[in-house]
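Asks: Sharing a structure here in structure tokens format.
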Amino acid sequence: MKKLLAIALALIGLGGLGGLGSLGSFGSWLASGPAPGGLPAISSAHAQTTECLPLFHEQTPPALTRPALQASTVGLCYDAFAVMYSGVSRTPLWSAERLTRDSLARAKEVKREDNFHAETALPESYRAELSDYARSGYDRGHMSPAADMPTRQAQHQSFSLANIIPQNRHNNQVLWSAIEGATRHLTNQRGELFVVTGPIFEGDKLERLNGRVLVPTHVFKAVLDPATQEAAAWIAPNADGDVYDVVSIAELEKRAHIDVFPKLPASAKQKAMRLPEPRIRGRK
């Protein structure tokens, strides 16, 4: 059963999507619907609410810091990640995970089974559809990666288009794949990380797939080590090439207009922790 759960998330909007009004101070979380044949049923809405909070640093979800969206954001809580979805861009605005050595060890045992699907828990007018991406020239790029998912069901959930952006093919398959690998490497080094991944929309002339799905100009992945309170983010253009920046959480907020870790002290947000260099295929 799909149940609407209103949770006060103190969300105030997303920058870069001009002319879209303002967002109120409440987000809505929807439980996902029945699983496809052969998969166990997804947790109930109430269980998803309580189980979702540990995915966030100090149980506090990211906050949107610039009014720009009308009442068209929906929070979706899955088994191993959570998403704030925009019915305006028809993409996630952020996707959050808590990674541990144990969760990644379990994820290694899950065979990848591609199953991209529209998110039926969303209002129909908000949804991205598979047809939006067909013959677009863009990959369907995961924000919370399938390779991070510790169960078959969680992996299936990661293929929801609510967790997907239109991503440049080289960016998705080469550079971003390497950044995802670097994040897993850092998790295995540190033991536990909170991770928030999402798109950045910069400028006034944004492309839409099929006239519906906004194409991001950049992609970010922010990581936080709760043991040391160190954090930083990778930002890369959503384009060909292997260029990326490592920035502080404060700098990411200026670019993305999202406070990805609201409970992180301001002093820690100003300093970027050292992140491993992504191991890009073909580069020695």
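Asks: For the range 174-187, just list the computed ³J(HN,Hα) in residue order, Karplus coefficients 6.51, -1.76 and 1.60, θ = phi - 60°, integers in Hz, with x standing in for Gly and Pro.
Replies: Per-residue couplings from phi come out as 10, 5, 5, 4, 5, 5, 4, x, 5, 5, 5, 4, 5, 4 Hz.
Asks: Okay, moving on. Multiply the residue separation of Asp102 and Val246 by 0.36 nm, subtract the distance between their alpha-carbon atoms, and state the gained length in nm to one decimal.
Replies: Full-extension gain reported as 49.2 nm.
Asks: Among Lys108/Lys221; Lys205/Lys263; Lys221/Lys269; Lys205/Lys254; Lys221/Lys271; Lys221/Lys263, which pairs are too far apart, with a Cα-Cα distance over 25 Å?
Replies: Lys205/Lys263
Asks: Given labels modelled 7 Å from the Cα in the Cβ direction, how far is it in nm from Lys205 to Glu109?
Replies: For the pair Lys205/Glu109, the computed spacing is 5.3 nm.
Asks: A further question on this structure: What net charge do the residues around Met273 carry, taking every other residue with its C-beta under 12 Å from that of Met273, with Lys and Arg at +1 and Asp and Glu at -1?
Replies: Every neighbour counted, the sum reads +2.
Asks: How large is the dipole of the range 187-273 about the Cα centre if only Lys and Arg carry +1 and Asp and Glu carry -1, each at its Cβ, rounded to the nearest 20 debye?
Replies: 220 debye
Asks: Now, a different point. So which trypsin sites (Lys or Arg not before Pro) in the range 50-113 pass both tests, a DSSP loop state and at most 14 other Cβ atoms within 10 Å of the Cβ?
Replies: Lys111, Arg112
Asks: Related question: Trp94's amide H: which non-local residues (gap 5+, or another chain) put their own amide H closer than 5 Å, with H modeled 1.01 Å from N in plane and none for Pro or chain starts?
Replies: Met84
Asks: Please tell me the relative contact order of the range 216-284 in percent, rounded to the nearest whole number, where contacts are Cα pairs under 8 Å and at least six residues apart.
Replies: RCO, the range 216-284: 29 percent.
No lab work stands behind these numbers, since they all come straight from the coordinates. Just so we're clear, the structure is a prediction, and the values are computed from it rather than from any experiment. Reconstructed Cβ throughout: ideal geometry from the backbone, glycine too, with neighbour counts over all protein chains shown.
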